1. One quarter of the convex hull surface, Cα atoms only: what value does that give for region A:243-326 in nm²?
2. Please identify, among A:PRO200, A:PRO222, A:PRO80, the residue showing maximal mean-square fluctuation in a Gaussian network model of chain A using a 10 angstrom Cα cutoff.
3. Kirkwood Rh, region A:352-427, all Cα pairs: how many Å?
4. Given that compact globular proteins tend to follow 2.2 N^0.38 Å, what is the ratio of the alpha-carbon Rg of region A:21-173 to that value?
5. Using only helices, what value at 222 nm comes out for chain B when you add -39,500 (n - 2.57) per DSSP H run of length 4 or more and divide by the total residues, to the nearest 500 deg cm²/dmol?
6. For chain A, which longest stretch is free of loop sites, where a loop site is one of the GluC sites (Glu not before Pro) that DSSP puts outside H, G, I, E and B and that has at most 15 other Cβ atoms within 10 Å?
7. Semi-axes of region A:87-215's equivalent ellipsoid from the Cα gyration tensor, sqrt of 5 times each eigenvalue, largest first, rounded to whole Å?
8. From largest accessible area down, sort A:HIS344, A:HIS416, B:HIS42, A:HIS21; use a 1.4 Å probe on the protein chains.
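The values are calculated or read from the model by the stated rules, or taken from the named source; none is laboratory data. These figures come from a predicted structure and were not determined experimentally. We place every Cβ from the backbone using ideal geometry, glycine too, and count neighbours over all the protein chains shown. What goes into the accessible areas is simple: the full protein's heavy atoms, side chains included, and nothing from ligands, DNA or RNA. Shrake-Rupley method; radii C 1.70, N 1.55, O 1.52, S 1.80 Å.
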Amino acid sequence: MAGRVKMEKLLLRNVDKENSHTIDVYLKNGGYQSLRKALKEMSPEDVVEEVKLSGLRGRGGAGFPTGLKWEFAAADVKEPKFFVCNADEGEPCTFKDRVIFEKDPHALIEGMLIGAYATGCRYGYIYLRGEYPIGRKILERAIGEAYEKGFLGENILGTDFSFDLYVHSGAGAYICGEETALIESLEGKRGEPRIKPPFPVNAGYLWKPTVVNNVETLANIPLIIERGGKWYSGIGSPDCPGPKLYPVSGKVKRPGVYELPMGTPLSEIIYEHAGGIVQDRKLKAVFPGGASSSVLTADEIDVPMDFPSLAKAGTMLGSGAIMVLDETDCIVRAALRLIEFFRHESCGKCTPCREGTDWLVRLVRRIEEGEGSEEDLDVILSVSETMENSFCGLGMAAHNPVASSVRKFREEFLTHIELGRCPYRRG
Amino acid sequence: MTLTEFREEVRKLKESNKYPELKSYLLPALWMAEKNFPAITHDVMRVVSEELSVPLVEVEEVARFYAMFHTEKKGKFVIRVCTNLSCMLRGGEEVLSELCRLLNVKPGETTPDGLFTVEEYECMGLCDGAPAVTVNEDRYTNVRLEELPEILRKYGWKG
Ligand SMILES: Cc1cc2nc3c(=O)[nH]c(=O)nc-3n(C[C@H](O)[C@H](O)[C@H](O)COP(=O)(O)O)c2cc1C
Ligand code: SF4
Ligand code: FES
């Protein structure tokens, strides 16, 4: 591994600077130059083309091509249009967007401005998760600074382009990260997903065209405009290029957010960047893309961390949150905790998810407590299959951590059943 | 805050022109209520309902849907202990039981003096500092059991 080229910091280029959250520091480092370039030298269509050329795919979990989303929104003529930043960051063990809006909020604001210009949006909201009150203060301050300097408001930089931006705080509901539930929540309702289509780009907030993009997605935009889509498309995996933020947590020596080219092998992220496993223990299992991803075993971690490679490996990139378990951790306990989360967060609208998550919690808990039977494992897999018919992505993916654990660590489930207790339980 | 003052604040919120329609002010109004009252009671909801022209039942539904809104009386300080995966792997459950032992409450309960509510909570995005605890808006990361009494004392715990 000697001689590996260290990637230039792109998304995290500013975060280590003192007062990186202030507009003065952002401007001193070339901030808002991309906005200037977009408004003065490019038409909205040019911007969409450049983003399409970059190959950027959304970082919120679904990986939808950003340029294409913008093209759809730009084509819709209903007015007014809204540009919404999804800063709900609710996927367990995901803490990458937080780094951007706490340390480099102007990069996000600039990305939103360029997106709003490209798609013809007049108003914007940052839907921020309720658990991030510090982020709220930083973002509101940054928005205030941007108004003062004339980057927000009417006739920005002396052009016809006007854009107003506000922060909207969520209040503790994971489902509000799903874009249509987010829109319902913005409208002052309970966060329940809407049926798609119509998609938000045509019928979103107040049924008007609405672009919803993730924080990390938008932080890429100023870079793409500054250096060009072609340059961007050369970074990392060819079919989903760019830099990627990987939040790593659990049993690694150096938990944190690592910026690496999309497609960096999972093993490299864990062992080189995050320092390997605590106390040099053996790695047991990894959830490579947040709580809704299927688990990988120690033999499966040479996989490139990008959308297609992880899909091929039977799991998903999701938010890119890497959760690492070592040999002393119980996989049954881990699966139980994740499905408990989904049961708590299920909005209750549809039966497969509402009932399915409840069933899975009860079945896995029974096994964890030593009261389970081998048939329970088959029931878990068949309930999981039924959950595929859920109304939205929450229910469709909630069973992944449980079903994959049963499939890949069946022996460990059986040990719990045979011993009548958890073999890992301390004390 | 009195209900009259609260009504004034909701009116100011409406004047901010942040949203093109009234109902969208519901979450911001409930946030204001959450921060200024021990509980979002029916009286508080009624003010919101009147000012935003949203039926009372809908205000209540929304207030109950979101985990961060308290419709029952909460303590002056809400302590949230994360026990989601990364915190669980690094001792979050032990932190929760030690806190409950020190304060002599169960998760979800409030101390009799009304000072603390302890909540078992889902991931708060502080997983690189697991186990994580928040007290109102303050964050504590890499929390060790021994430092819990010291943290509590900062908020007026006499134990
Ligand atoms: C249950 C569920 C939760 C989600 N949570 C988030 C989230 O917290 N943040 C986010 O950006 N996207 C989240 N998404 C994805 C959004 O629905 C949407 O795809 C994304 O915001 C689009 O932005 P992008 O194209 O920039 O990725 C979630 C999806 C589902 C199904
Ligand atoms: S899948 Fe779950 S979260 Fe999604 S609509 Fe159905 S009940 Fe609600
Ligand atoms: S798992 Fe505890 S803060 Fe994320």
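1. So the Cα hull casts an average projection of 4.3 nm².
2. A:PRO80
3. By the Kirkwood definition, the hydrodynamic radius is 12.6 Å.
4. So the Cα radius of gyration is 1.01 times the expected 2.2 N^0.38 Å.
5. -12500 deg cm²/dmol
6. In short, A:155-326.
7. They are 23, 20, 11 Å, listed from largest to smallest.
8. Of A:HIS344, A:HIS416, B:HIS42, A:HIS21, the descending order of accessible area is A:HIS344, B:HIS42, A:HIS21, A:HIS416.
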